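Only one structure is covered here, and it is reproduced in the block below.
The values are calculated or read from the model by the stated rules, or taken from the named source; none is laboratory data. Just so it is clear, the model here is predicted, and its values are computed rather than measured. Here the Cβ positions follow ideal geometry from the backbone for every residue, glycine too, while neighbour counts run over all protein chains shown. All accessible areas refer to the heavy atoms of the entire protein, side chains included, with ligands and DNA or RNA removed. Shrake-Rupley method; radii C 1.70, N 1.55, O 1.52, S 1.80 Å.
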Amino acid sequence: MNNLLKGLNIYLVGMTGVGKTTVGKLLAEKLNYRFLDTDFLIETVAKKTINDIFTDEGETSFRDLETQVLAQVSSYTKSVISTGGGIVLKQQNWSYLHYGLIVWLDAPANLLIQRLAEDKTRPLLQEENIALKLLKLQSLSEERKPLYSQADLHILIENNYTPEQIVSEIIEQVPLKIKSSLSMNN
Ligand code: S3P
């Protein structure tokens with residue numbers, strides 16, 4: 001697989017709580033790639049949490065930082081890059097994402113809510129009431145689906161999938177995608 005990838009970055013996109021960071025770390029290990037996480041880099045650059053960036057400077061500032069970080073990481077090679085759920089919102093970000101292979105990790109909102117029920121670190125999901133939180137997740141997911149679906153690969157995650165299974169699925173699918181795009185270019 002590494003021969004086929006030729007150092008091409010892999011970007012993981014998808015809804016918040018889908019497991020991009022966990023899967024990304026594992027995938028990077030398997031491929032002998034560097035692991036990068038845009039949310040982590042944003043917090044490092046801003047020297048504050050994502051919640052604090054949203055509160056102090058607003059979502060627009062966060063999105064600008066996100067684009068700057070993405071522009072930086074896209075100059076690397078041999079990296080698996082986990083991105084924040086909203087990275088797909090800006091058209092400009094796609095020009096960076098397309099430097100690599102974009103993998104959409106897709107899970108139903110009722111699976112995401114199980115993971116996010118107690119989470120307080122996502123500024124867009126601050127609802128205390130679980131039913132309202134689920135509604136918010138569903139509406140974000142519906143709104144973004146047409147954007148995520150522009151990814152090169154779609155990995156559908158079922159309830160009982162382990163991160164290892166998801167990584168195996170990606171490793172199985174990536175070469176097929178690369179081969180089909182190679183044959184299209186010939
Ligand atoms: C966001 C998702 C978060 C983070 C920020 C905004 C979003 O990342 O970037 O809170 O717009 O969906 P995760 O997808 O890692 O939770």
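How high is the relative contact order of the stretch 105-168, given as a whole-number percent (alpha carbon pairs under 8 Å, six or more residues apart)? Write out the running numbers ahead of the final one.
Numbers: 32 pairs, mean separation 31.2, N = 64.
Reported relative contact order: 49 percent.
If you average the alpha carbon positions of the stretch 108-124 and of the stretch 1-66, how far apart do those two centres end up, in angstrom?
Computed from Cα coordinates, the inter-centre distance equals 18 Å.
Order the following by accessible area, largest value first: 82, 75. Probe radius 1.4 Å; ligands, DNA and RNA are ignored.
Of 82, 75, the descending order of accessible area is 75, 82.
Sort the stretch 45-168 into rounded, prolate or oblate with this rule: let a ≥ b ≥ c be the square roots of the eigenvalues of the Cα gyration tensor; rounded if a/c is under 1.5, and if a/c is not under 1.5, prolate when a/b is larger than b/c, oblate otherwise. All intermediate terms of the calculation are to be shown ahead of the outcome.
Values: a/c = 1.73, a/b = 1.08, b/c = 1.60.
The shape class here is oblate.
Which residue, 34, 63, 122, has the most motion in a Gaussian network model of the chain that connects Cα atoms within less than 10 Å?
Fluctuation is largest for 122.
Rounded if a/c is under 1.5, else prolate if a/b beats b/c, else oblate: with a ≥ b ≥ c from the C-alpha gyration tensor eigenvalues square-rooted, which is the stretch 125-186? Can you show the working numbers first?
Numbers: a/c = 5.11, a/b = 1.91, b/c = 2.67.
Verdict is oblate for the stretch 125-186.
How do 4, 31, 156 stack up against each other in accessible area, from largest to smallest, with a 1.4 angstrom probe?
On the way: 4 50, 31 5, 156 100 Å².
Greatest to least solvent exposure: 156, 4, 31.
Given 20/179; 25/90; 78/179; 48/177; 25/179, which pairs have Cα atoms separated by over 30 Å?
Details: 20/179 24 Å; 25/90 25 Å; 78/179 18 Å; 48/177 38 Å; 25/179 25 Å.
Flagged as over cut-off: 48/177.
On the protein heavy atoms, probe 1.4 angstrom, tell me the percent of accessible surface of the chain carried by carbon and sulfur.
On the way: 5010 of 9730 Å².
Roughly 51 percent of what the probe reaches on the chain is carbon or sulfur.
Are there any chymotrypsin sites (Phe, Trp or Tyr not before Pro) in the stretch 4-36 that are in a DSSP loop and have at most 14 other Cβ atoms within 10 Å? List them by number. Walk me through the intermediate numbers first.
Values: sites: 11, 33, 35; in loops: 33.
In loop regions of the stretch 4-36 (DSSP not H, G, I, E or B), there are no sparsely surrounded chymotrypsin sites (Phe, Trp or Tyr not before Pro).
Hey, what's the chain come to in accessible area per residue, 1.4 Å probe, Å²? Each step should come with its number before you reach the end.
On the way: 9730 Å² over 186 residues.
Result: 52 Å² per residue.
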